[in-house]
Amino acid sequence: MPPFQEFIVALLRSLKTSQMYGAKHPRHMEFMQALAACYEDFLAGKRQAQVAARNGRMFLDKSPEDDGNMHVRSLARILEERSIHALTLYPGVSLEELQSLLQVLSQKPGELREVGGARKLLESLGVTHIRILATRLEEVTEGGEVVAAMLQSVAELAVQRRSGSTGPTPGGIDAGAAQGQTEDRTLPMNVPTRSVMAQIQSAQTERSTPTLVDQLRTFLLAVAGLGGESDLSGLGDFMEQLGLDRQGSQPNTQGILSQAVSSLPAASRLGVFKAASQLRGGQLRATFARLVGSVGASTLAQAYLESGISQEELGSYSPALRSMAPAPERWNDQLLKALSQGGLSQEQLRDLMEILSWESLPPEVRFRKLLEKQKIFEIPTDKVLAFLRELLEGGRLPEFMRLMRHYGTGLASPAVARRTQVAVGFISIAGWVDIPGMPVGLIQELEQLLAQAWGREKDPAVHEPISRAVEHLLWHWVALGDPRRMVLLLGELHDVASELAPPSPWKDRATRDLLTRLASPERIDSVLERVFSQGRQEAMPYLELVGPLATGHLLDRLSQEPDRTRRSRIMELLKACGSVSEGPLLDALEAPDWFVVRNALVVLAEIGGPGHAERIHACLVHPDIRVRKAAIRAIGRMGGPSADQALVDLLFRSEPDIQIETLYALGELDSRRSAPEILRFIQSGRTREGGAAERVRERAIELLGTLKVPSTVTDLEQFAARRRRFFRETREAMPIRVAALRALCRLDTQEAQHAIDRLISAEPQGPERDAFKRALTEYLQGAHPSA
């Protein structure tokens with residue numbers, strides 16, 4: 001795999017792990033290290049590299065990349081959705097800068113717009129080795145070069161010249177590019193400021209015969225292009241900078257503007273006209289309206305005939321230009337005449353005219369035409385979808401179902417382009433199931449149609465939009481409060497896939513990606529809100545399905561939730577997910593935040609088995625005592641062959657709080673094998689008698705009785721007895737002696753009873769003998785007060 005594609009794969013994987021695990025998770029850091037290595041390999045020996053995206057295609061340093069590569073297309077889509085039309089990469093990037101790039105790419109397009117765009121956000125994060133250019137590719141020739149002007153780069157060039165620098169700045173262009181030479185550059189989407197315009201003029205002064213037409217042409221190429229994203233709102237300011245009339249009312253200004261527009265390539269000229277249709281009413285718009293009236297139809301026809309735009313784009317550009325034309329009633333005739341002169345047959349003209357006048361046809365005529373042979377695939381997709389929605393909202397369900405089935409046959413077409421077109425259309429259709437009152441039969445029909453396409457499709461690029469449509473159907477049932485239907489539908493998808501096509505690794509990945517999207521944090525949060533208000537039963541099928549993907553987010557919510565009742569609900573969900581959550585929970589044991597580790601241990605104590613004991617043992621030395629306590633409880637619940645020894649070791653090297661927790665855990669394990677070590681611990685603590693230490697020894701002695709090890713009778717009797725020496729009498733503190741007596745009672749053996757008789761008979765009259773008798777009476781009555 002080429003270094004560039006390896007870099008893209010590493011970038012997409014790191015992006016996914018950052019969304020699943022968070023920026024500080026060890027697994028994500030492994031992917032970040034791999035991304036940094038791929039980045040350096042990709043830029044090895046290069047001063048910089050520019051990665052640009054346009055219409056779903058990726059361009060690397062002038063050359064288009066393989067558009068059949070799934071990862072390349074995926075990154076192109078991510079960049080274009082966020083208005084990131086070019087990335088300039090420089091060697092020496094740090095992990096923090098790469099993480100900042102992932103942070104930008106993780107933001108939704110709407111969120112990026114709220115903070116001023118991707119470029120502004122990246123710059124605010126202090127990134128210097130990666131630059132975002134909010135620009136767009138204008139035109140790509142057969143040789144792969146980009147014919148464009150880049151205002152931002154020209155501005156930087158002007159700054160360099162003022163400072164005396166001759167080399168290019170990051171993201172800049174050289175003098176040749178400023179003079180209009182062909183470079184792999186992109187066009188800025190934003191409107192240039194006056195200072196930038198002045199710098200463009202400065203950069204243009206090196207041309208041998210600078211003219212106002214050339215400068216105005218450069219501006220139009222820079223801010224206008226295809227795709228409906230152009231903006232001519234800064235044209236008046238620019239013309240004023242050139243010394244022209246900013247309103248375009250003077251004949252001289254109109255002549256220069258007309259020459260500049262006429263000298264543009266047809267596709268670029270078309271972009272200018274469409275941008276002009278967005279201008280407010282005024283003299284400048286009127287000037288463009290006259291230009292549209294004279295050359296608009298021929299420009300649109302030329303762009304179409306030269307394959308600069310598709311038939312669908314022709315249908316979308318035509319209304320915009322017609323709204324500008326001085327005589328809109330004659331627009332269709334002018335366009336048909338221009339297309340006819342370009343060589344189109346009468347039949348082709350008739351088909352185009354049908355598209356252009358589609359909305360004016362009666363619904364019955366449109367319905368009949370769409371059912372004719374392949375007509376439904378020849379009409380632009382947006383018009384087909386608009387008519388389907390019209391039928392649906394009009395309550396004409398039989399016609400809608402019939403037309404949808406006919407449209408769905410395109411999903412089985414041998415032509416990849418047609419399958420892709422129809423699959424993208426079904427993303428919109430699937431979104432209509434959320435309309436209140438949608439008939440269940442229609443939804444089931446759509447499910448069956450998409451399930452067949454899911455299982456049959458063999459092209460990953462076509463399968464992706466089908467997966468998006470299926471995703472909406474699956475989530476529809478969850479949002480409706482019926483996740484069981486989602487699980488059943490997903491099972492049907494697997495069944496159909498196994499019947500219609502052999503197993504394929506890419507399709508397995510597609511299923512995993514689908515589940516990942518279904519388990520997005522936003523969707524999990526919406527399910528949680530329903531759990532908080534209605535209980536967990538309705539959510540369980542969903543959580544059991546996406547458990548491994550949801551566990552990390554549930555743990556985060558658990559650590560951030562201030563409400564105790566809600567925390568308990570989240571804990572119930574984690575436990576109810578069962579073994580499917582074990583993997584993410586075990587990964588959470590390596591989290592840097594103590595509360596994340598503690599919460600994971602609490603859940604693992606409920607659902608885990610002894611097979612994972614070794615990983616939990618590592619938490620026994622965690623720096624936070626709360627984590628150590630949770631690990632001890634988890635070991636006490638889970639057990640395992642090494643659990644006894646791991647806990648006993650803690651008795652000899654821990655503080656009293658941990659020792660008490662350890663003794664409780666040994667009791668839960670019913671660890672009789674640890675009795676000798678517990679005795680040794682009790683005996684070793686005699687010289688360190690004190691408040692906390694005495695409570696620990698007292699609890700350890702009671703544990704010996706709980707474990708019911710007969711061999712401990714003699715030792716317990718020694719702890720409870722008075723020991724006479726030559727000149728004095730010694731004994732343990734009274735709480736220790738009473739604890740030993742209770743332990744002998746719990747042993748409930750004849751030997752233990754004899755020991756108890758000896759102890760009481762040997763004890764002289766006084767408060768200590770009374771304490772013995774009181775402890776014995778309480779035990780016989782079934783009362784076992786806590787220590």
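The values are calculated or read from the model by the stated rules, or taken from the named source; none is laboratory data. Please read these numbers as outputs of a predicted model, since none were measured by experiment. We place every Cβ from the backbone using ideal geometry, glycine too, and count neighbours over all the protein chains shown. Heads up: the accessible areas ignore ligands, DNA and RNA and are worked out on the full protein's heavy atoms, side chains in. Shrake-Rupley method; radii C 1.70, N 1.55, O 1.52, S 1.80 Å.
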**Request:** For the chain, report the translational diffusion coefficient in µm²/s to the nearest whole number, using Stokes-Einstein at 37 °C, 0.692 mPa s, and a Kirkwood Rh over Cα pairs.
**Result:** 100 µm²/s
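What number comes out for accessible area per residue over the range 599-725 if the probe is 1.4 Å? Units Å², please. All intermediate terms of the calculation are to be shown ahead of the outcome.
Values: 5600 Å² over 127 residues.
In whole numbers, the range 599-725 has 44 Å² accessible per residue.
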**Complete:** For the pair Lys773 and Gln346, the simple spin-label estimate (label points 7 Å beyond Cα toward Cβ) gives in nm 12.8 nm
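Run the accessible area of the chain with a 1.4 Å probe and give the carbon-and-sulfur part as a rounded percent.
Reported share for carbon and sulfur atoms: 50 percent.
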**Fill in**
Once Asp351, Asp508 are ranked on solvent-accessible area with the largest value leading and a 1.4 Å probe, the list reads Asp508, Asp351
**Asked** With r defined as the distance between the Cβ atoms of Leu780 and Glu572 and R0 fixed at 51 Å, what FRET efficiency is calculated, to the nearest 0.05?
**Response** 0.80
**Request:** Can you work out the accessible area per residue across the range 43-102, with the rest of the protein chains kept in place, probe 1.4 Å, in square angstrom?
**Result:** 39 Å²
**Item:** Additional length obtainable on full extension of the chain from Gln645 to Asp231, 0.36 nm per residue less Cα span
**Value:** 141.7 nm
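Tell me the mean residue ellipticity at 222 nm calculated for the chain from its helices only (DSSP H runs of n ≥ 4, each -39500 (n - 2.57), averaged over every residue, nearest 500).
-20000 deg cm²/dmol, from helical runs alone.
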**Request:** Subtract the Cα-Cα distance of Arg27 and Gln765 from 0.36 nm times their separation in residues, and report this length gain in nm to one decimal.
**Result:** 258.8 nm
**Solvent-accessible area per residue, Å², over the range 364-436 with all protein chains present [probe radius 1.4 Å]** = 46 Å²
**Asked** Which value in Å does the Kirkwood hydrodynamic radius of the range 238-319 take, with 1/r averaged over all unlike C-alpha pairs and then inverted?
**Response** 13.3 Å
**Complete:** Between Arg615 and Phe595, Cβ-based FRET efficiency (R0 25 Å, step 0.05) works out to 0.85
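Take each of the peptides 44-50, 701-707, 717-723, average the number of other beta-carbon atoms within 10 Å over its residues, and list them starting from the highest. Display every interim value, and only then the final one.
Details: 44-50: 12.4, 701-707: 22.6, 717-723: 17.9.
Ranking the peptides 44-50, 701-707, 717-723 by packing returns 701-707, 717-723, 44-50.
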**Complete:** With label points set 7 Å from each Cα along the Cα-to-Cβ direction at Arg389 and Leu586, the distance between them in nm comes to 4.9 nm
**Message:** Students often get this wrong, so check it: of Lys16/Lys507; Lys46/Lys458; Lys46/Lys120; Lys24/Lys120; Lys16/Lys274, which have C-alpha atoms separated by over 29 Å?
**Reply:** Lys46/Lys458; Lys16/Lys274
**Asked** Using 1/(1 + (r/R0)^6) with R0 = 60 angstrom and r between the beta carbons of Glu372 and Phe652, what's the FRET efficiency to the nearest 0.05?
**Response** 0.10
**Asked** For the range 624-698, what's the relative contact order in percent, using C-alpha pairs closer than 8 Å and at least 6 residues apart?
**Response** 33 percent
**Asked** If each of Asp525 and Ser711 carries a label point 7 Å out from its Cα toward its Cβ, how far apart are those two points in nm?
**Response** 5.9 nm
**Item:** Coarse-grained scattering of the range 279-375 at q = 0.11, 0.14, 0.20 Å⁻¹, given as base-10 log I(q)/I(0) from a Debye sum over alpha-carbon atoms
**Value:** -0.36, -0.57, -1.02
**Request:** Would you tell me the accessible area of Cys619, worked out with a 1.4 angstrom probe on the heavy atoms of the protein chains, in Å² to the nearest 10?
**Result:** 10 Å²
**Asked** Relative to the present Cα-Cα distance, how much length would full extension add between Gln448 and Arg330 at 0.36 nm per residue of separation?
**Response** 37.8 nm
